[in-house]
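What follows is a single structure, written as structure tokens, with notes after it.
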Amino acid sequence: MSIEVSRLGKSYGTQRAVDDVSFRVGQGEIVGFLGPNGAGKSTTLKMITGYLHPDAGSVHVCGISVQRDPISARRCLGYLPEHNPLYPDMYIREYLDFMASVHRLADRKKAVEEAMVTTGLMPEAGKRIGQLSKGYRQRVGFAAALIHNPEVLILDEPTTGFDPNQISEIREVIRRLGKDKTVLFSSHILQEVEALCDRVIIIHQGRIVADDRLDQLQQTAGQGLIRVSFAIAPDPTMMAAIPATRVAGSTDGLHWSIQTDDPEAMRRRLLELSLSHTLNIVSLHTEAGSLEEVFRKLTRPN
């Protein structure tokens, strides 16, 4: 595993910011790390990258202990923090060359050019960082995270300040990089997570409340909403007799929505009903909820 987090804990005074957090992320995975403000996302990411020392637990990046050997661990990861620290008086190439020198790269010029091309910085190549828009400043931070071709990328709100076209462009960059790197990124733009991730980790009040494939979480959010369509309208009393949380028929009686706690059992009941009453089912599927529904359900204030 490229990232291994085990029973991680961090407190600020009496406040427990991160409480017994554990998860793993492997090579070729793009994983969304979500949570409301103050949930412990950025604190967790800072401990993974070695910028904060945990009070408890351990972090390994590429098999290297971040606590015992932070320099070696940092060599194989790139980090774009939420508040992107840059030198506004430096030119883009100058800053990226400086970052390449920090990593002691043999061919700094090649690394700088490749990072600029990858992150779409070439149109602004001749400018000082202070002259850039917020979106292009984010690109500079992204390029700095990529400059040494790390195995692991930690991205905290990477598309802050981007317009819709820029978001689409950077999304493609992340998707391409995620084919052979490990990408863990935090975002409040849930559409980005839905577009990029197969897996989502949600943290709330310092604890992991979900770690699963996106489609599984969405099925949970849908709470077993089944939609079924018949060729011939069934008897409404027959449908009303089905054990379910709620059954509602459409105006034509052909299309029905059934809320159930056990979607698989309900699908079997509908198929049995179809066979026993010679009803032709045209379509039958369980509808998934949105990631926003999942997020709200799991991070609702107590």
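Selection within segment 66-92: residues that are touching a residue at least 40 places away in the same chain (Cβ under 8 Å) and assigned to a helix (DSSP H, G or I). The member of this set that is nearest to the chain's Cα centre (by Cα) is 75.
Can you find even one residue in segment 168-180 that is within 20 Å of the chain's Cα centre (by Cα) and at positive phi?
no
Among the residues of segment 119-126, at least one is in a loop (DSSP other than H, G, I, E, B), surrounded by 17 or more Cβ atoms within 10 Å (Cβ to Cβ) and either among the small types (Gly, Ala, Ser) or without any contact (Cβ under 8 Å) to a residue 12 or more places away in the chain (or both). Yes or no: residue 100 more than 19 Å from the chain's Cα centre (by Cα), crowded, with 17+ Cβ neighbours inside 10 Å, among the hydrophobic types (A, V, I, L, M, F, W, C) and not in a loop (DSSP other than H, G, I, E, B)? Yes, satisfied.
Of note, residue 174 does not satisfy the criterion of being in the same structural domain as residue 108 (by TED's automatic domain parsing), in contact with a helix residue (DSSP H, G or I) (Cβ under 8 Å, 6 or more places away or on another chain), part of a helix (DSSP H, G or I) and over 25 Å from residue 4 (Cα atoms). Looking only at segment 69-97, which residues are buried (at least 17 other Cβ atoms within 10 Å of the Cβ) and of a type in the set (Ser, Thr, Tyr)? Listed by number, the residues that qualify are 79, 95.
Just one of the numbered conditions (1) more than 21 Å from residue 85 (Cα to Cα); (2) more than 18 Å from the chain's Cα centre (by Cα) is not true of residue 193: (2).
The values are calculated or read from the model by the stated rules, or taken from the named source; none is laboratory data. Keep in mind that this is a model prediction, so the values were computed, not measured. Virtual Cβ from ideal backbone geometry, glycine too; neighbours counted across all protein chains shown.
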